[in-house]
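Q: A single structure is presented below for examination.
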Amino acid sequence: MAHIKVQRRSMRPEEWIQLRFGWLKRHIYSEKNEITTFMIKDARQVSEMNFEFYDEEFRPLKKGDMYFTPDGTAFIEADYELPAHLEGKKYCFSLKTAAEMIVKVNGVYVGGIDPNRERLNLSDYAEGRKLHFEIMGYNRSKPDDERNPESLSVRGCRQIFEGGYISVVNEAVQSLVYDIEMLLDAALSEVFNEDFSAMVIRGLDAALNLIDFDDLRDEDVIAASKYIDENIFANKDYKGSGNVALVAHSHLDIAYYWRRIHAVQKNLRTVLIQLRLMDKYPDFKYAHTQAYTYETVEKYYPEIFEELKKRIAEGRFEPVGAMYVEPDCNVPACESLIRQCLYGQSYFREKFGLTVNNCWLPDVFGNSWILPQILKKSGVDYFVSNKMSTWNDTNRFPHNNFIWKGIDGSEVYACVPPTHFITWNMPSQVQENWEAYQDKNEGGQTLQMFGYGDGGSGATEEMVELMHRFEKLSVMPKTEHTTGSEFLKKNFDGNDKLATWDGELYLEMHRGTFTTKSKMKAYNRKLEFMLRDAELLSVLRMKNGKEYPAEKLREIYKKLMINQFHDILPGSHITPVYRDAMADYEQMEKDLAEIIGGGTKYLNTLNFKRKSVTFIPDKNGNIIRKGEKGYYTIPDIFALSSGQIEPAKGGTDWISVNGNNVETPLYSIKFAPDGSILSLRDKELCREWVKGDFNKLKMYHDTPGNYDAWDILPNYKDRPCEIAVKKPLEFIMADGECAEFSVTLATEKSEWQMIIRLFRDSRGIEIENIVDWNEKHKLVKAEYGCNVLSRELVCDTSAGIIRRETHRNTSWQQARFEVCHHKWCDMAEQGGGVALINEGKYGVSAEGSTMALSLLRATIRPDPTSDMGTHNFCYMIYPHAGDAVSADINKTAFEYNVPLRKADVECALPDFGKLWLQAVKLSENGKYIVVRLCEQNGERGVVELPEKAAVLNMLEDEIGESDKIEYSPFEIITLGFRM
Amino acid sequence: MEKYINEYIRPRLQGDGGEITFVKQEGDEVTVLLQGECSKCLILDRCLAWIEQRVEADRGEKVKIIGIRKKPYFQDV
């Protein structure tokens, strides 16, 4: 017998209310006059302010016509004569669209229209009856915010024009609509008391009974509003608790499902909309991040920039986030993050006279432990990021308002708001925030950001109107509309009850972003070191009278920083964004190579003597590495000194090969045909390094679901894939220093050649990978099962080391199955260990005594072409005595990543002892040679300077003077030597 | 036609998070594979009609574009 589910078919009271609410909304406009003179030109944006047009001429645009094209921008114009009866009255421009439009009337930017708002106030900005419209519209298949169901329903690259109107708003109806919107959300959300919901439903039903929808009259609407005031809002029997700070904000991805060039107008529209809200609502305040976005307004829309400056001066438009963009905070190295602050703060200081005291990164995919020190020394006391509370897939992050202690012991106040950074300011969202807030007793208010975002847009009139009504709803928590900095100061300063989180802010999600788009990561690493050397060499040449290319270096740094944005460098973007980034990287590399220049001698730009085997490019060399001819040698060049280099002399008798058994002065090695190492016997330390699969390439099905480019899920290990040996390991060649072996592996679609290099005088074993990669949803790792008893993986953070447990005892360790590291990671026991040193790989996993470097992924969303094609990358296995610190693995990793530069310059810099010379540059004000030093091993010590130097913060402000540096573990020190 | 689809149309669809690949042409029927955002677009027919218009405007050919959608496994519900 078939089971028939009993369903209620009659209309519930709340459904009857919703039906009538829909009818009421049809009366928001008391008058609509269609503009029938629209003309349109379809275009495609090709740079920040340039467009390619499909046709030279405008064509008429009528209601019902198709408009917009894929990746399309449209320019729409109209001339319209205002009806005489509207002159001197309130009227607006209304246009329902899926596109993002910037509207200019009679030469004035009057506002923005997009899927989140369909009208703008016109009468306050346009003079006279003759109105000339200039609209620039940009249409995306992916709307600003996929959380807005109305946006989703109209997505698509070809849209139907629904007409544009000069309209008059019926303020009584509009006000009632806002009342009902708020009350329905509260009553139907299930987060408030059910008796309260029942009371609201009864009250709304009764209020709407006062309106005759066949003949809607203003007095009935006013009566319904009065009924709500007197019967719902006046009812204070239902008491809420809590205290929620409301900060208006719009999240703007500089690139994501759109290119960087499009963000210029996305940002302008967002800024414009918020400025117009400020015109209407004197209490409205708004927080906006990223100095870069302010720069684009200043550069391209100076009249809006002037308006913006006035609102900033009033304290209503609030620059938040000290950084230049909202960067990824896993992959960029320490100096990049410092520059994000330096260039961000320099801009805010110069243009607005402000030092922004917070770091505002709502969407960033986890935060390195090195950040607190960088922030603190860049004038930043507060850190804000929503990700850990709202996106962790395993553990609930235990705090919302707390103190974050960094790797060196520096502390910043940290706010990880309990809910998402994109909300639309509904009572239920405010209540959910308070309920999820974990520091109710210690933390003061909880932070709620409101405003549409991802692609900008921000707060709407509706959000502000609802906010003005919140105090009428006794069941809600107390709310306060405030700025970001006011909220932070009020709730954190002097609050001694706050808990402390000492460690990285690891995001238990998006673990694939350490690996996705492999080439971008490698380029980022390479350019970070090229920038270091370009600045260093420019300072040295300046001492010999050459001009320091300050402007050019700043321009390159800013381009690198833009590409470190959290949806660019992590790889979570569409195909054209990748193309833009690669074009930028190629240009930066060329520009930096020009600045670095050439010479007859090799300069060691490291502040320690090189002792590791190094590849020297030479067209007469007998080895090809990453497509370049050269040879390997151990350069005998002291710190910051120049010298000549010759290939190692001597024969090949240092190596003997017998099938897959190889003898070198340091090792007895037994290879498997697939290039993995079955035994690596250390002759010097008399021990075996291999236990399990070692140097074994492993491929897995990598199917994380919707967040394809972002995530690796722990279940990848459940489905390994076969990799066949196409050409087994064979000995290729040897010279006086290096011997090469080659193996070719293959799947049905891809081919993977591994060149294994052994050295006469180095413990390092280099693996070069030449890959033709054509997979889908695969992850490849190089696995190393080490014969060490270790329960921790030591990882380079770029500014010190972090130790992570390799057991799976608790859910916290289980969740960290894939982590971010920088140049190296290491597993060691007392007496020895194995390091993996890379040139641009960031993802690594470790369990027990096995570590696995993530090499390549093959994701299809957002970019179906992600990582396809050829790859060529190297890394080095480095067994060593002692632990990573005593074995100087960090120095070896610097040597591996920073090539010798050909340059004929005299290097007259002091000896900074064990400290890493992280940067040498001309200060932004041109008064100092800035020297940045970083303690990277966790040691304490003293360095005597040859002369007194200014002690600077990271913004290059002088904070003291000294001729002696007393440093502590992982401290970063900035000195200024006067010119 | 393959070059036109791959070099002219493709970057425009990629700009919207979509992906198009030429599959075959038989007479006046051109078959293309649609991935990315295109694969789940609710109004894809409008875009295919636009491609037909562009082909006619740029190449003087009247063709019918047949689109094959290939949704990612995680969106194929």
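The values are calculated or read from the model by the stated rules, or taken from the named source; none is laboratory data. Model, not experiment: these values are computed from the prediction. Using ideal geometry, Cβ is built from the backbone for each residue, glycine included, and neighbour counts are taken over all protein chains shown.
Q: Please state which one of A:S762, A:S750 is surrounded by 15 or more Cβ atoms within 10 Å (Cβ to Cβ), among the small types (G, A, S) and in contact with a Ser or Thr (Cβ under 8 Å, 6 or more places away or on another chain).
A: Exactly one residue qualifies, and that residue is A:S762.
Q: Another question, then. Inside segment A:254-283, can you point out the residues that are in contact with a Gly (Cβ under 7 Å, 6 or more places away or on another chain) and either in a helix (DSSP H, G or I) or polar (S, T, N, Q) (or both)?
A: A:K266, A:N267, A:R269, A:T270, A:L272, A:I273, A:Q274, A:R276
Q: Oh, and also: Working only within segment A:865-881, note down all residues that are within 14 Å of another protein chain (Cβ to nearest Cβ) and more than 13 Å from A:T515 (Cβ to Cβ).
A: A:T865, A:M868
Q: Conditions first: (1) among the acidic types (D, E); (2) touching a His at 6+ places or on another chain (Cβ under 9 Å); (3) over 23 Å from A:R511 (Cα atoms). A:E663 passes all but one, so which condition is the exception?
A: (2)
Q: Right, another one. Quick check on my filter: what residues within segment A:566-577 are more than 14 Å from chain B (Cβ to nearest Cβ) and either in contact with a helix residue (DSSP H, G or I) (Cβ under 8 Å, 6 or more places away or on another chain) or farther than 18 Å from A:N330 by Cα (or both)?
A: A:I568, A:L569, A:P570, A:G571 - these are the residues of segment A:566-577 that are more than 14 Å from chain B (Cβ to nearest Cβ) and either in contact with a helix residue (DSSP H, G or I) (Cβ under 8 Å, 6 or more places away or on another chain) or farther than 18 Å from A:N330 by Cα (or both).
Q: Still on this structure, please answer the following. Do we have A:S428 as small (G, A, S) and either under 19 Å from the mean Cα position of the chain (by Cα) or more than 21 Å from A:S485 (Cβ to Cβ) (or both) here?
A: In short, yes.
Q: Hey, another quick one. Going by what's in this entry, would A:I76 be described as away from chain B (no Cβ under 14 Å), under 39 Å from the mean Cα position of the chain (by Cα) and free of Cβ contacts under 8 Å to residues at least 40 places away in the same chain?
A: No; evaluated as a whole, the condition is false for this residue.
Q: From the list A:Y548, A:Y557, which residue is in contact (Cβ under 8 Å) with a residue 12 or more places away in the chain, under 34 Å from the mean Cα position of the chain (by Cα) and part of a loop (DSSP other than H, G, I, E, B)?
A: Just one listed residue meets the conditions, A:Y548.
Q: Tell me, which strands (runs of 3 or more DSSP E) lie completely within segment A:9-59 with 2 or more residues that are more than 30 Å from A:R202 (Cα to Cα) and free of Cβ contacts under 8 Å to residues at least 12 places away in the same chain?
A: Qualifying strands (runs of 3 or more DSSP E): A:50-53.
Q: A follow-up question, please. When residues of segment A:66-97 are filtered for being assigned to a loop (DSSP other than H, G, I, E, B) and touching a helix residue (DSSP H, G or I) at 6+ places or on another chain (Cβ under 7 Å), how many remain?
A: Here the count works out to 3.
Residues checked against (1) among the basic types (K, R); (2) touching a residue at least 40 places away in the same chain (Cβ under 8 Å):
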{"site": "A:D735", "(1), (2)": "no, yes"}
{"site": "A:A746", "(1), (2)": "no, no"}
{"site": "A:K749", "(1), (2)": "yes, no"}
{"site": "A:R760", "(1), (2)": "yes, yes"}
{"site": "A:E783", "(1), (2)": "no, yes"}
{"site": "A:L789", "(1), (2)": "no, yes"}
{"site": "A:T806", "(1), (2)": "no, yes"}
{"site": "A:V819", "(1), (2)": "no, yes"}
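Q: Could you tell me which numbered condition A:S538 fails, if it satisfies all but one of (1) surrounded by fewer than 20 Cβ atoms within 10 Å (Cβ to Cβ); (2) in contact with a helix residue (DSSP H, G or I) (Cβ under 9 Å, 6 or more places away or on another chain); (3) among the small types (G, A, S)?
A: Condition not satisfied by A:S538: (1).
Q: May I pose another question? Name the residue, out of A:T270, A:T355, that is at pLDDT 95 or above, of a type in the set (S, T, Y), surrounded by fewer than 23 Cβ atoms within 10 Å (Cβ to Cβ) and over 18 Å from A:R554 (Cα atoms).
A: A:T355
Q: Given the structure, is A:A593 under 32 Å from the mean Cα position of the chain (by Cα), of a type outside the set (S, T, N, Q), surrounded by fewer than 18 Cβ atoms within 10 Å (Cβ to Cβ) and more than 14 Å from every other protein chain (Cβ to nearest Cβ)?
A: Judged against the criteria, A:A593 is a match.
Q: Within segment B:1-73, considering only strands (runs of 3 or more DSSP E) that don't extend past its boundaries, which have at least 1 residues that are within 12 Å of the chain's Cα centre (by Cα) and within 8 Å of another protein chain (Cβ to nearest Cβ)?
A: B:18-26, B:29-36
Q: For segment A:705-754, how many residues meet the condition of being touching a Gly at 6+ places or on another chain (Cβ under 6 Å) and part of a loop (DSSP other than H, G, I, E, B)?
A: Residues that pass the stated criteria total 5.
Q: Give the residue, chosen from A:F51, A:F93, A:F68, that is farther than 30 Å from B:E19 by Cβ and surrounded by 14 or more Cβ atoms within 10 Å (Cβ to Cβ).
A: So the residue among A:F51, A:F93, A:F68 that is farther than 30 Å from B:E19 by Cβ and surrounded by 14 or more Cβ atoms within 10 Å (Cβ to Cβ) is A:F93.
Q: While we're on this one: Just give me the residues in segment A:609-655 being surrounded by fewer than 19 Cβ atoms within 10 Å (Cβ to Cβ) and among the small types (G, A, S), in sequence order.
A: Answer for segment A:609-655, where residues must be surrounded by fewer than 19 Cβ atoms within 10 Å (Cβ to Cβ) and among the small types (G, A, S): A:G621, A:G627, A:A639, A:S641, A:G643, A:A648, A:G650, A:G651.
Q: Shifting gears a bit: Could you tell me whether segment A:714-722 includes any residue that is buried (at least 16 other Cβ atoms within 10 Å of the Cβ), under 38 Å from the mean Cα position of the chain (by Cα) and free of Cβ contacts under 8 Å to residues at least 60 places away in the same chain?
A: yes
Q: Give all pairs with beta carbons closer than 6 Å in which a residue from segment A:865-879 that is under 17 Å from B:P11 (Cα atoms) meets a residue that is modelled with pLDDT of 95 or more; count only pairs at least 6 apart in sequence or on separate chains.
A: Hits for this filter: A:T865/A:T575; A:S866/A:T859.
Q: Output the number of residues of segment A:616-650 satisfying the condition of being out of contact with any Ser or Thr (no Cβ under 9 Å at 6 or more places or on another chain), in a loop (DSSP other than H, G, I, E, B) and acidic (D, E).
A: Matching residues across segment A:616-650 total 2.
Q: A:L527 - would you say it is of a type in the set (A, V, I, L, M) and either within 19 Å of the chain's Cα centre (by Cα) or on the phi > 0 side of the Ramachandran plot (or both)?
A: The answer is yes for A:L527.
For every residue, the table says whether it meets (1) hydrophobic (A, V, I, L, M, F, W, C); (2) within 14 Å of chain B (Cβ to nearest Cβ); (3) under 29 Å from A:G456 (Cα atoms).
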{"position": "A:E34", "(1), (2), (3)": "no, no, yes"}
{"position": "A:L61", "(1), (2), (3)": "yes, no, yes"}
{"position": "A:G72", "(1), (2), (3)": "no, yes, yes"}
{"position": "A:G88", "(1), (2), (3)": "no, no, no"}
{"position": "A:F93", "(1), (2), (3)": "yes, no, yes"}
{"position": "A:K96", "(1), (2), (3)": "no, no, yes"}
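Q: If you go through segment A:508-520 one residue at a time, do you hit one that is under 30 Å from A:L640 (Cβ atoms) and outside the structural domain of A:R803 (by TED's automatic domain parsing)?
A: So far as segment A:508-520 goes, no, none of its residues is under 30 Å from A:L640 (Cβ atoms) and outside the structural domain of A:R803 (by TED's automatic domain parsing).
Q: In segment A:280-339, how many residues are out of contact with any strand residue (DSSP E or B) (no Cβ under 8 Å at 6 or more places or on another chain) and at negative phi?
A: Within segment A:280-339, residues that are out of contact with any strand residue (DSSP E or B) (no Cβ under 8 Å at 6 or more places or on another chain) and at negative phi number 21.
Q: Mind listing just one residue for me: the one in segment A:155-174 that is buried (at least 18 other Cβ atoms within 10 Å of the Cβ) and within 14 Å of chain B (Cβ to nearest Cβ) and, of those, nearest to A:R26 (Cα to Cα)?
A: Among residues in segment A:155-174 that are buried (at least 18 other Cβ atoms within 10 Å of the Cβ) and within 14 Å of chain B (Cβ to nearest Cβ), the one nearest to A:R26 (Cα to Cα) is A:F161.
Q: So, one more: From the list A:A846, A:A908, A:A884, pick out the single residue that is surrounded by 24 or more Cβ atoms within 10 Å (Cβ to Cβ) and either without any contact (Cβ under 8 Å) to a residue 12 or more places away in the chain or out of contact with any Gly (no Cβ under 8 Å at 6 or more places or on another chain) (or both).
A: Residue meeting the stated conditions: A:A846.
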